[in-house]
1. Within the chain, what's the longest run with no trypsin sites (Lys or Arg not before Pro) in a DSSP loop and at most 14 other beta-carbon atoms within 10 Å? Give the range, please.
2. Considering only DSSP beta bridges with both partners in the chain, what is the antiparallel share in %, to the nearest 5?
3. Quick check for you: with a 1.4 Å probe and neighbouring chains kept, what is the accessible area per residue of the chain, in Å²?
4. How high is the relative contact order of segment 60-172? Use alpha-carbon pairs under 8 Å, at least six apart in sequence, and give a whole percent.
5. Could you identify which residue out of D12, D133, D186 has the top mean-square fluctuation in a GNM of the chain using Cα springs shorter than 10 Å?
6. Rolling a 1.4 angstrom probe over the protein chains, ignoring ligands and nucleic acids, what is the accessible area of T235 in square angstrom, nearest 10?
7. Show me the chymotrypsin sites (Phe, Trp or Tyr not before Pro) within segment 72-167 that DSSP assigns to loop and that have at most 12 other Cβ atoms within 10 Å of their Cβ.
8. What ratio of Cα Rg to 2.2 N^0.38 Å holds for segment 44-160?
Amino acid sequence: MERKSKFISNKDYMVNGLSEDLEDFVKGGRIKSGYCNLDLITNLYPGFYVLGAVSSLGKTTFMHQMSDQIACAGQPVLFFSLEQTRLELTTKSLSRIMAQVDARTARTSLQIRKGRMDERVMAAEQIYSVYADNIYVVENTFCATMSSIENDVEVFIKEKQQKPVVVIDYLQVIQPSEGSNKTAKDLVDMHVSRLKRLQAKYKIVMMVVSSFNRQNYLTQVDFESFKESGGIEYTADVVWGLQLEVLHNTLFNSAAKINEKRQKIKEAKAANPRRVELVCLKNRFGISSYTCNFEYFPQFDLFRPIMPQNISGLSMENADPDGFVRLPEGFNTPFDV
């Protein structure tokens, strides 16, 4: 068998490969997150996305809600749940739908799991069933390896003849292969590299949830926040972080007053809804730095987007097909360009 040369000139590529790659990118680049404030800034392109946050801030919920919203738009989602069960995720979806219909009468996911079934839950099931066929949850509770993830993605694409949006929750729970003696940092870096290769091989949208370092819990999101992995900064195409809005308080500008900071964080987490901010640290597909604000209702596993006041008059009709807002002439954008 003749071995294909890896040395291909760009002229050959333009003749034999460019059109196909452009078509794949255009198809993938039509995906929206379903969060109206984020969708006004960018689409989801075929690439490797990483979302990080401190414990219990809602990173799994944020990504799970986005997955439901993508599925609702008709795009298949392959959700690797490495920590939570299908039961937990499904009841969270139903609780979220109920809250969106009427928060006054909504059930929590725990209430639903404990058997609190009534006509309102059944109504939520009817709504969810319209697009739940596009959500595929792979339960690998604390036992998934990179090999199993790679195999599952490959089998799904062959079996369904579709390229799904792949979501992995979460990075640090991916298990080492048998006999591995790598350190935690080396293991995470290796997994990041393999995930990026997997994403590039199938030209898909891949989103991965990551933990933060504990020493960064009282500081604003930065690349240093990402736990045990310097590879994320260089490997990911898009890096997002979730943080509490209270971190913008001047109290957090000083290295002192640790107890006061902890109290502020505690109060912000106890608030209902919590005020949470999505921060983009890196973006290879457009605007390099932006923020989006949300109200987070943890009892209903619901993130509600907050539109910036100075673009509140815009709608998705103003969004460019490439994922950028077409602002009126003379309009000052609030985002860094």
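1. Numbers: sites that count: R3, K4, K6, R30, R104, K114, R116, K182, K257, R284, R326.
So the longest stretch without any such site is 183-256.
2. Among the beta bridges of the chain, antiparallel pairing accounts for roughly 50 percent.
3. On the way: 17460 Å² over 337 residues.
Value for the chain: 52 Å² per residue.
4. The value is 45 percent.
5. D12
6. Roughly 30 Å² of T235 is accessible to a 1.4 Å probe.
7. Of the chymotrypsin sites (Phe, Trp or Tyr not before Pro), the ones in loops of segment 72-167 whose Cβ has at most 12 other Cβ atoms within 10 Å are F142.
8. 1.13
The values are calculated or read from the model by the stated rules, or taken from the named source; none is laboratory data. Keep in mind the model is a prediction, meaning the values are calculated, not measured. All Cβ positions, even for glycine, are placed from backbone atoms using ideal geometry, and neighbour counts span all protein chains on display. Please note that ligands, DNA and RNA were not included when accessible areas were found on the heavy atoms of the full protein model with its side chains. Shrake-Rupley method; radii C 1.70, N 1.55, O 1.52, S 1.80 Å.
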